[in-house]
Amino acid sequence: MPTLAEHYGPLIETDRARAICLLRELVMAAPQLVEARDLLTRAYHRSMNFEACAESARVLLAISPDHRGGGHYLAQSLYALGDQEGALATYEGLAAAEATPGALEGVAALSYRLGRIDAARTAFAAHLTRSRGPGRSPALFGLMRLESDAGDRASAERARKDLAELFHSKPVGVSSYLTSRLQAYGPPEWFKLVDKGHLAGVVRRGLAAVPGGRAPATFVLPAERAELLAYASGAPSRALYIAKPTHGSGGQGIELAEGAEAFADRAGYVVQRYLERPLLAAGHKAHVRAYGLITSTDPLRAYVYGDGLVRLAPEAFNLRGLNRLELAMHVTNTALHAGDPRLVLSDDAEAGDKGHVWSLEAYMRHLHSRDAKEARRRLGDLMGWFVRALKADGFFERQAALGLPGSFGPKLFGLDVVFDADANPWLIEVQAVPGVSGTPLVNRVNSLLHTTLARMMIGEGPPEEVERANAGAFERLDVVSYPPP
């Protein structure tokens, strides 16, 4: 008979909403069942529903005070919710019980953020003694930045050299690991953007305040039900709308319908006007994962990466066919279509346009050269608009109030963008912590992305000069002009 983990684990990855519903029923029936509570906490965490995850983790720890996983879930959720003191206290408790690298990393990163330099030094040093290989990179990077902030240039340079030596021994492994760990302790407000309802508010304010943006009309339910229906009354009767759970990911829970009325009574969803004239790739709808990078917030320096990923829907696009509402035609999230025989994932890392995952470079090659040049320019403009919109919203001012600026490493993020038939990019979603691995092609694109970012971080010299010298396919954005020249 399968264990609870064997039964519910796969469901958490494929249908989180159902898994959460079933697990909530299970913990209500058996409130002392640790494994069930652990799985429910994990499901909330995978959904990035951090409030529910923190609440569930507290219950888990009340049942089983020494449950290490529960402690980490609680610390990570408190951090994502902006409670850095609470997250630090939780990590300190974990480190006191068992000084694992993960707990020490949390203590070090948050102590540094909050200006407790001696405590951070001690935790970084302990992390180094307990880590091996790429696992040492976050502590070396943290020490490099901390000692620079503290004015100890000699110690900062020793840490930089050790990190550079580690990087050159295993460039891909070190850079990918370091990038993923830095994102885990990025500015907490980024985690709010995974909530599609919160993102909708940020984007709406950005569109009103900063010229140059483009995003579908989006409504958060149930709060904006009246606004949705008013908007729909002025649209064609057969206009398509797409509904997404506010805490959904990987395409889970997405639905499509003609007319907004089908979704008007939903709660916990956002509803968007569907883009009915997408720019097709080999006859299929596609979305682009474009990568942005912020290396400094004062002064503001940001970049867009020259390559990226493009995911295609497995069913050919045809709004006039009998399968007009077929999700395999409209939803481009590869994870949602796992197991669909129409989905093709190439194992050729060098072929950028095979199957249903492409590289951005290959996608652009399929356009006429003139269209590709204009599409790239517009994509960069959209990325620049998004960064300027965050600035106008006070995003970076709030970040500065959280702690020492050096404690925030470079912020890598993703914009999920759909081009319309006129090669205009539309912002659909934001990936606060872009995935590191995937198909061989994904691994190739991301490996170069991460190694380039590492060189921009750890080269010798003034930060802005090091960035410029090692930027590779990263293009500097104009994030000062309104609009860009």
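For the stretch 97-122, which positions are aliphatic (A, V, I, L, M) and within 23 Å of Pro65 (Cβ to Cβ)? Quick ask: steps written out before the conclusion?
Here is the first cut: in the stretch 97-122, the residues aliphatic (A, V, I, L, M) are 97, 99, 103-104, 107-110, 114, 117, 119-120.
Matches in the stretch 97-122: Ala97, Ala99, Ala103, Leu104, Val107, Leu110.
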- Got a sec? Which of Gly306, Gly283, Gly352, Gly292 is on the phi > 0 side of the Ramachandran plot and in contact (Cβ under 8 Å) with a residue 24 or more places away in the chain? Gly283
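I'd like to verify a number: residues in the stretch 207-222 that are farther than 25 Å from Gly250 by Cβ and not β-branched (Val, Ile, Thr), how many?
Just the residues of the stretch 207-222 that are farther than 25 Å from Gly250 by Cβ, to begin with: 207-213.
Restricting the remaining residues to those that are not β-branched (Val, Ile, Thr) gives 207-209, 211-213.
Here the count works out to 6.
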- Item | Residue check, Leu453 in a strand (DSSP E or B) and either at pLDDT 95 or above or in the same structural domain as Gly306 (by TED's automatic domain parsing) (or both) | no
- What is the one condition in (1) without any contact (Cβ under 8 Å) to a residue 24 or more places away in the chain; (2) surrounded by fewer than 17 Cβ atoms within 10 Å (Cβ to Cβ) that Ile117 does not satisfy? (1)
- Query: Of all residues in the stretch 190-201 being under 16 Å from the mean Cα position of the chain (by Cα) and part of a helix (DSSP H, G or I), which is farthest from Ala80 (Cα to Cα)?
  - Reply: Ala200
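So that you can scan it fast, the table gives a plain yes or no per residue for (1) small (Gly, Ala, Ser); (2) touching an Asp or Glu at 6+ places or on another chain (Cβ under 9 Å); (3) closer than 21 Å to Pro410 by Cβ; (4) in a helix (DSSP H, G or I):
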{"residue": "Tyr112", "(1), (2), (3), (4)": "no, yes, yes, yes"}
{"residue": "Pro134", "(1), (2), (3), (4)": "no, no, yes, yes"}
{"residue": "Ala139", "(1), (2), (3), (4)": "yes, yes, yes, yes"}
{"residue": "Gly142", "(1), (2), (3), (4)": "yes, yes, yes, yes"}
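Is it fair to say Gly308 is of a type in the set (Gly, Ala, Ser), part of a loop (DSSP other than H, G, I, E, B) and touching a helix residue (DSSP H, G or I) at 6+ places or on another chain (Cβ under 8 Å)? Break it down into steps so the answer makes sense when it comes.
On the way: of a type in the set (Gly, Ala, Ser): yes; part of a loop (DSSP other than H, G, I, E, B): no; touching a helix residue (DSSP H, G or I) at 6+ places or on another chain (Cβ under 8 Å): yes.
Considered against the rule, which asks whether it is of a type in the set (Gly, Ala, Ser), part of a loop (DSSP other than H, G, I, E, B) and touching a helix residue (DSSP H, G or I) at 6+ places or on another chain (Cβ under 8 Å), Gly308 comes out as no.
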- Before we move on, is Asp118 of a type outside the set (Ser, Thr, Tyr), in the same structural domain as Arg145 (by TED's automatic domain parsing) and under 24 Å from the mean Cα position of the chain (by Cα)? no
- Task: Please tell me if Arg204 is farther than 28 Å from Pro134 by Cβ, in contact with a strand residue (DSSP E or B) (Cβ under 8 Å, 6 or more places away or on another chain) and assigned by TED's automatic domain parsing to the domain that holds Val331.
- Result: yes
- Task: Spot the failing condition for His366; the list is (1) farther than 30 Å from Val479 by Cα; (2) at pLDDT below 95, and only one is missed.
- Result: (1)
- Query: Looking at Ala99, is it among the aliphatic types (A, V, I, L, M), closer than 29 Å to Lys170 by Cα and in contact with a His (Cβ under 8 Å, 6 or more places away or on another chain)?
  - Reply: no
- Query: If Lys161 passes every condition in (1) under 14 Å from Tyr185 (Cβ atoms); (2) surrounded by fewer than 16 Cβ atoms within 10 Å (Cβ to Cβ); (3) basic (Lys, Arg) but one, which one does it miss?
  - Reply: (1)
- Note on the structure: The lone condition Val433 fails out of (1) in a strand (DSSP E or B); (2) at pLDDT below 95; (3) β-branched (Val, Ile, Thr) is (1)
- Query: How about the stretch 324-344: which of its residues are under 24 Å from the mean Cα position of the chain (by Cα), at pLDDT below 90 and of a type in the set (Gly, Ala, Ser)?
  - Reply: Ala335, Ala338
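Rundown of residues vs (1) at positive phi; (2) surrounded by fewer than 19 Cβ atoms within 10 Å (Cβ to Cβ); (3) assigned to a strand (DSSP E or B); (4) in contact with a Lys or Arg (Cβ under 6 Å, 6 or more places away or on another chain), yes/no style:
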{"residue": "Leu390", "(1), (2), (3), (4)": "no, no, no, no"}
{"residue": "Gly409", "(1), (2), (3), (4)": "no, no, no, no"}
{"residue": "Leu415", "(1), (2), (3), (4)": "no, no, yes, no"}
{"residue": "Asn443", "(1), (2), (3), (4)": "no, yes, no, no"}
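Only residues that are within 18 Å of Tyr73 (Cα to Cα) and surrounded by fewer than 20 Cβ atoms within 10 Å (Cβ to Cβ): list them for the stretch 164-182, please. Steps first, please.
From the stretch 164-182, those within 18 Å of Tyr73 (Cα to Cα) are 180-182; that's our starting set.
Ser180, the sole residue that qualifies.
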- Across the stretch 18-33, the tally of residues that are surrounded by fewer than 15 Cβ atoms within 10 Å (Cβ to Cβ), of a type outside the set (D, E, K, R) and assigned to a helix (DSSP H, G or I) stands at 3
- Scope the stretch 230-254; condition surrounded by fewer than 19 Cβ atoms within 10 Å (Cβ to Cβ) and either free of Cβ contacts under 8 Å to residues at least 24 places away in the same chain or touching a Pro at 6+ places or on another chain (Cβ under 7 Å) (or both); matching residues: Ala230, Ser233, Gly234, Pro236, Ser237, Arg238
- Query: Taking interchain pairs and intrachain pairs at least six residues apart, which have beta carbon atoms under 6 angstrom, with the first residue in the stretch 1-25 and closer than 19 Å to Leu336 by Cβ and the second in a loop (DSSP other than H, G, I, E, B)?
  - Reply: Arg16/Ser47; Arg16/Gln252; Ala17/Gly253
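State whether the residues of the stretch 258-269 include one that is of a type in the set (A, V, I, L, M), touching a helix residue (DSSP H, G or I) at 6+ places or on another chain (Cβ under 6 Å) and closer than 27 Å to Val436 by Cβ.
No, the stretch 258-269 contains no residue that is of a type in the set (A, V, I, L, M), touching a helix residue (DSSP H, G or I) at 6+ places or on another chain (Cβ under 6 Å) and closer than 27 Å to Val436 by Cβ.
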- Message: Give me the residue from the stretch 214-245 that is in a loop (DSSP other than H, G, I, E, B) and in contact with a strand residue (DSSP E or B) (Cβ under 6 Å, 6 or more places away or on another chain) and, out of that set, farthest from Arg204 (Cα to Cα).
- Response: Arg238
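The values are calculated or read from the model by the stated rules, or taken from the named source; none is laboratory data. Keep in mind that what you see is a predicted model, and the values were worked out from it rather than measured. Every residue, glycine among them, receives a Cβ derived from its backbone with ideal geometry; neighbour counts consider all protein chains shown.
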